[in-house]
Amino acid sequence: MKKKTLAFRLLAATALWAGSLAEPTGVYGGDAMLKTVDIEFTAAAKREGLAGAFRCYLAEDGIILPGAGHPIRGPEGLRAVLPQVEGAMADADLTWETQNITLARSNDLGFVMGRFRYTESGEGEVVRTGYFGIVWRRDGKGEWRLVFSQGLFPWPVRTPPPGFRLKERPTAAERELIDTELAFSRYSAKHGAPAAFHRYIAETGIAVTQAGTARRKSTFKEMISRQDDRGPSARLEWRPVVSWMAAAADLGCNTGPYTFTVIDERGSQRVSRGYFFTVWIKEDGDWKFAYDAGNTIPAE
């Protein structure tokens, strides 16, 4: 059998910043150091393949959110799932462009987001586009390590539940963000997801759908206006199980499981599950999310 090769066609590092992407803008600016890390990560993926880049930069406690399935935890988890996706990765093209970089004032936590395009060749070409998000954390040695990645591992995997547990003693800022996430979920359960997302989204924030499109504050306002008096016909709830917080307490991220229940006119329920990922920033002193995305867990 002819051995298939992995063909990741990545944008050259210099091309990442061409045209309209010449100067990605963070919420707080001063993001040149993270811009360099982002370019180096892309260069490593071009040189060594995506798996190689993850091996170089993924923190020991880092998490990769796959296209479907439970999160992949750390380098060992990555090694365990690679045999599951080698066939799907063969002859696949994955390109991405960074569009925005956000760096905390404490220079210890940063968020990179942009667009990806995935092309799968085979019996029929399949093209998917969407958004990706990466959280970077600077360790005690001053080195940047990837602690969360969403969107750049589009393949489904089968792994056991990760058994995440929140920190027993979160800092005051971490506790505040966790409580905000929980309040966001409760508001969604009571008033419907559109109302909750409209309430908690930042002015420039986006929520990425499973189809890879972006919803903004204006989108949720329109969705609310279309709801009838019967109230929401779907119920979305979630809970954070892993959190990251900058020392400056101006940038934080959460991930954890969610449950989405659709109720039809006869009262029957259809339930789907997955994992969410939310990036939070301070806006006029309040936590608002700048980015929200997730995946699904295939039914057993």
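Considering the conditions (1) touching a strand residue (DSSP E or B) at 6+ places or on another chain (Cβ under 7 Å); (2) surrounded by 15 or more Cβ atoms within 10 Å (Cβ to Cβ); (3) over 29 Å from GLU168 (Cα atoms), HIS198 is excluded by exactly one of them, (1). Within region 239-253, the set of residues being touching a Phe, Trp or Tyr at 6+ places or on another chain (Cβ under 7 Å) and closer than 21 Å to GLY67 by Cα comprises VAL241, VAL242, CYS253.
Looking at GLY49, GLY67, GLY19, GLY30, just one residue is closer than 21 Å to TYR291 by Cα and at pLDDT below 90, and that residue is GLY30. Per the conditions (1) of a type outside the set (Gly, Ala, Ser); (2) more than 21 Å from the chain's Cα centre (by Cα); (3) more than 22 Å from ARG199 (Cβ to Cβ), the sole criterion not satisfied by THR296 is (2).
Filtering region 218-238 to residues that are crowded, with 17+ Cβ neighbours inside 10 Å and in contact with a Gly (Cβ under 7 Å, 6 or more places away or on another chain) leaves PRO232, TRP238. Within region 210-225, identify whether any single residue is at pLDDT below 95, out of contact with any helix residue (DSSP H, G or I) (no Cβ under 8 Å at 6 or more places or on another chain), among the basic types (Lys, Arg) and farther than 25 Å from PRO162 by Cβ, and answer yes or no. Checking region 210-225: not a single residue is at pLDDT below 95, out of contact with any helix residue (DSSP H, G or I) (no Cβ under 8 Å at 6 or more places or on another chain), among the basic types (Lys, Arg) and farther than 25 Å from PRO162 by Cβ.
For region 167-202, a residue qualifies if it is more than 15 Å from THR278 (Cα to Cα) and under 20 Å from the mean Cα position of the chain (by Cα), and exactly one does: PRO194. Kindly indicate whether any position in region 154-162 is under 18 Å from SER243 (Cβ atoms) and surrounded by 12 or more Cβ atoms within 10 Å (Cβ to Cβ). Yes, that holds for at least one residue.
Picking from LEU65, LEU78, LEU58, which residue would you name as being among the hydrophobic types (A, V, I, L, M, F, W, C), within 17 Å of ARG158 (Cβ to Cβ), crowded, with 21+ Cβ neighbours inside 10 Å and touching a strand residue (DSSP E or B) at 6+ places or on another chain (Cβ under 9 Å)?
After ruling out the rest, the residue left standing is LEU65.
The values are calculated or read from the model by the stated rules, or taken from the named source; none is laboratory data. Because the structure is predicted, anything quoted here is derived from the model rather than measured. Here the Cβ is made from the backbone with ideal geometry for all residues, glycine too, and neighbour counts use every protein chain on show.
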